[in-house]
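*Asks:* Starting off with a structure, shown below.
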Amino acid sequence: MKGLPYWLTFVVSVAAGIAGGELFGFPWWLRLVTVVAVTILMQGVSEIVGRSRAKKKRLEGDTGH
C-alpha cells in the first residue's frame, strides 16, 4: 500500500512549525507540538490515500478493467 511520500510529510510539518512561529509568535515548544501534530495528521492522510488507492485497484481488478 503506497501513500503520500514521507518527504512531503516532513516538509509540510516543518513549514507549519515555521509558519506558527513567524506568523503567530509561537514559543519553541508550541512550534514542536505543531510539527508533531501536523506529522500525525499527514500520516493519517497518507493512510487514507493509500487505502483508497488499494480499494480502487481492488475494485478495478474485480470488474476486469
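*Asks:* Within the stretch 32-54, can you find the residues that are modelled with pLDDT under 85 and among the charged types (D, E, K, R)?
*Replies:* Arg53 - this is the single residue of the stretch 32-54 that is modelled with pLDDT under 85 and among the charged types (D, E, K, R).
*Asks:* Right, next: Considering only residues that are in a helix (DSSP H, G or I) and open to solvent by 50 Å² or more (accessible area, probe 1.4 Å), which ones fall in the stretch 1-13?
*Replies:* Tyr6, Trp7, Leu8, Phe10, Val11, Val12, listed by residue number.
*Asks:* Ok, one more. Go through the stretch 54-65 and give me each residue that's open to solvent by 80 Å² or more (accessible area, probe 1.4 Å) and more than 19 Å from Gly3 (Cα to Cα).
*Replies:* Passing the criteria: Asp62, Thr63, His65.
*Asks:* Just to be sure, is Arg51 surrounded by fewer than 13 Cβ atoms within 10 Å (Cβ to Cβ), part of a helix (DSSP H, G or I) and either touching a His at 6+ places or on another chain (Cβ under 7 Å) or at negative phi (or both)?
*Replies:* So Arg51 passes the test.
*Asks:* For the stretch 24-46, give me each residue that is in a helix (DSSP H, G or I), in contact with a helix residue (DSSP H, G or I) (Cβ under 6 Å, 6 or more places away or on another chain) and either open to solvent by less than 70 Å² (accessible area, probe 1.4 Å) or β-branched (Val, Ile, Thr) (or both).
*Replies:* Those that are in a helix (DSSP H, G or I), in contact with a helix residue (DSSP H, G or I) (Cβ under 6 Å, 6 or more places away or on another chain) and either open to solvent by less than 70 Å² (accessible area, probe 1.4 Å) or β-branched (Val, Ile, Thr) (or both): Thr34, Val35, Val38, Thr39, Met42.
The values are calculated or read from the model by the stated rules, or taken from the named source; none is laboratory data. Not measured: the values here are computed from a predicted model. Virtual Cβ from ideal backbone geometry, glycine too; neighbours counted across all protein chains shown. What goes into the accessible areas is simple: the full protein's heavy atoms, side chains included, and nothing from ligands, DNA or RNA. Shrake-Rupley method; radii C 1.70, N 1.55, O 1.52, S 1.80 Å.
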